[in-house]
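Heads up, the thing below is written out as structure tokens.
The values are calculated or read from the model by the stated rules, or taken from the named source; none is laboratory data. If you're wondering where the values come from, they're calculated on a predicted model, not measured in any experiment. So basically every Cβ, Gly included, is an ideal-geometry build from the backbone, and we count neighbours across all protein chains shown. For accessibility, only protein heavy atoms count, side chains too; no ligands or nucleic acids. Shrake-Rupley method; radii C 1.70, N 1.55, O 1.52, S 1.80 Å.
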Amino acid sequence: MRNKKEKENLLELASFGGTQTFKDVLHVGKPNIGSREKFMRRMHNLLDRGWLTNNGPFVREFEAKIAELTGVKHCIAMCNGTIALEIAVRALGMSGEVIVPSFTFVATAHCLQWQEITPVFCDIEPNSHTIDPKQIEQLITPKTTGIIAVHLWGNSCDTKALEDIAERHNLKLLFDASHALGISHKGIKVGNFGHAEVFSFHATKFVNCFEGGAIVTNDHKMAKKIRLMKNFGFAGLDNVVHLGTNGKMSEPSAAMGLTSLESMQDFIAANKSNYRRYVSGLRTIPGCRLLEYDEKEENNFQYIVIEINEEDFGLSRDQLVDILHAENIRARRYFYPGVHNMEPYHSHFPNAGLVLPTTNRVVTEVMSLPTGTAVDDGIVDLICQLIAFIAENSEPIRRKLRS
Ligand code: T4K
């Protein structure tokens, strides 16, 4: 996988004709697989059973496991996180305007706009990259019906402040917890906050169902409604009692999810070990700040996120990303350029960026580095040494890039 040697001079960088640090591309988001044997056994099982989807036994077992893990009363599994968000928004009766961060995966806004609800973009806190509750109230208008907050990177939001605002203004509060399975906030498991929370089990998430998602809620009535909505509104054979869509999770997805959950603690241990190694490997590099997890809480450590301050580092985030890509390290500029700069939002709200100073900075500075079970100490060390080498030689690199 790797070409062992550290770089010693500039011309050894792949950008300038040197050998790539890694022979194979190292992805952010390479899936954790878990036990192939157990997964294949489940696949044989479901094929023998001839029950492939529609609330099958694996889906029911997966829902029960997620409910148990999060301590939430109801879990409704879905085909993916985006449909789960759309259904949650609808089940909560959101309409008009809903306040969301712009610094998130685009699905957090699309789930609203898709239903002709206007996302109103709010800025984030610089340390956690989660929505800044202090900025919310100035965005509330008579049309506002809700807030979607995102536990970005597995950093929990300030749930208390958000719940207070929602209660005071009679707003629905939904958490996009796509990154936050298994994390806690002040000792309470994510899943228990707001009116509902949504998980994603996409292949790139540390626990995956190939494609998958879930809504969790402690509200019995809401859970019942969501169950109808994700299955065309069917309350029984021939009995449609509600408007609905097809949000069902399939049995193969649930089989993967169950297998993935069985290895969840191993995945977290691998992520944590990589995270700690990145912390110590990057600590002394000027202009390179790694977002640290609050280790008093439970974390899944699934994202390694750094901010590159161009002035102190000597090169921009984008220059560093290009150099790493040349070395076969496919670092990602999540979530560049910010949802407010993506279509259709940029055309609808060309001035949205005026109230998003932190978002505007962060989208130019943030990048994610590879982690997960595909990454080990040796790989992390090589990546850290490479970034340190680039920082130390930023001036000649900058000159060479210019020429
Ligand atoms: N809300 C938030 C906050 C989210 O982050 C997401 C999803 C959602 C909502 C919506 O949930 P879902 O509807 O997706 O369940 C990826 C994922 O597609 C997306 O699920 C995720 N967030 C987002 C953060 O990352 P991309 O555009 O980066 O995907 P892609 O295909 O470039 O994959 C990322 C990297 O992983 C690549 O470098 C290649 C590698 N990879 C990917 C896949 C699919 C593999 O090695 N193997 C694979 O099978 O969005």
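I need the GluC sites (Glu not before Pro) found in the range 85-180, filtered to DSSP loop residues with at most 11 other beta carbons within 10 Å of theirs. Show your work: numbers first, answer last.
Working: sites: GLU86, GLU97, GLU116, GLU137, GLU163, GLU167; in loops: GLU116.
Qualifying residues, ordered by number: GLU116.
Between GLN385 and LEU354, what's the calculated FRET efficiency when r is the beta-carbon distance and R0 is 45 Å? Round to 0.05.
On the way: r = 41 Å, r/R0 = 0.91.
Between GLN385 and LEU354 the formula returns 0.65.
In square angstrom, what is the accessible area per residue of the range 36-262 with a 1.4 angstrom probe?
On the way: 9340 Å² over 227 residues.
Per residue, the range 36-262 has 41 Å² of solvent-accessible surface.
Cβ neighbours within 10 Å, averaged per peptide: list 143-150, 324-331, 343-350 in order, most packed at the top.
With the highest mean Cβ count within 10 Å placed first, the list reads 143-150, 324-331, 343-350.
Let me check against my output: what whole-number percent is the relative contact order of the range 1-110, with C-alpha pairs under 8 Å and at least 6 apart? Don't skip to the end; give the middle numbers.
Values: 44 pairs, mean separation 13.3, N = 110.
Reported relative contact order: 12 percent.
In whole percent, and with a 1.4 Å probe on the protein chains, what portion of the accessible area of the chain is carbon and sulfur?
Values: 8900 of 17560 Å².
Reported share for carbon and sulfur atoms: 51 percent.
Order 120-132, 251-263 from most to least packed using the mean count of other Cβ atoms within 10 Å.
Values: 120-132: 20.8, 251-263: 23.0.
Ranked from most to least packed, the peptides come out as 251-263, 120-132.
Any idea how far apart GLU295 and GLU167 come out in nm if each label point goes 7 Å out from Cα toward Cβ?
Taking the simple label geometry, GLU295 and GLU167 are separated by 3.4 nm.
Which order do peptides 106-114, 68-76 fall in by mean Cβ count within 10 Å, highest first? Before the final figure, lay out each step's value.
On the way: 106-114: 21.0, 68-76: 19.0.
Descending packing order for the listed peptides: 106-114, 68-76.
What is the angle, in °, between the Cα long axis of helix 57-70 and the longest principal axis of the Cα atoms in the chain? Nearest 10 is fine, range 0 to 90.
The angle comes out near 70 degrees.
How much length, in nm to one decimal, is gained on full extension between ARG41 and ALA326, taken as 0.36 nm per residue of separation minus their Cα-Cα distance? Provide the component values of the computation, followed by the final result.
Working: separation 285, 0.36 × 285 = 102.60 nm, distance 4.02 nm.
In short, 98.6 nm is gained.
For ALA269, project a label point 7 Å along Cα to C-beta. Then give me every residue of the range 51-95 with its amide nitrogen under 13 Å of that point.
Nothing falls inside the zone, counting backbone N under 13 Å.
When a/c is below 1.5 the answer is rounded, else prolate if a/b is larger than b/c, else oblate, so apply that to the chain with a ≥ b ≥ c taken from the square roots of the Cα gyration tensor eigenvalues.
Values: a/c = 2.17, a/b = 1.37, b/c = 1.58.
In terms of gyration-tensor shape, oblate.
Along the Cα-to-C-beta direction of GLU116, a point sits 7 Å from the Cα; which residues of the range 84-110 have their amide N less than 20 Å from that point?
What the label zone holds, given the 20 Å backbone N cut-off, is 86-99, 109-110.
Return the FRET efficiency for the residue pair ASP219, ILE188: r is the Cβ-Cβ distance, R0 is 22 Å, and the value is rounded to the nearest 0.05. Please report the intermediate quantities before stating the final value.
Numbers: r = 16 Å, r/R0 = 0.74.
After rounding to 0.05, the efficiency reads 0.85.
Obtain the radius of gyration and the Kirkwood radius of the range 36-262 from its C-alpha atoms and give Rg over Rh.
Numbers: Rg = 17.3 Å, Rh = 17.7 Å.
My calculation puts Rg/Rh at 0.98.
What angle, in degrees between 0 and 90 and rounded to the nearest 10, separates the Cα long axis of helix 251-262 from the longest principal axis of the Cα atoms of the chain?
60
Mind giving me the nanometre distance, one decimal, between the label points for VAL279 and ASN239, set 7 Å out from Cα along Cα→Cβ?
Here the modelled spin labels are 5.4 nm apart.
Quick one: helix 81-91 against the long Cα principal axis of the chain, what's the angle to the nearest 10°, folded into 0 to 90?
Once rounded, one gets 40 degrees.
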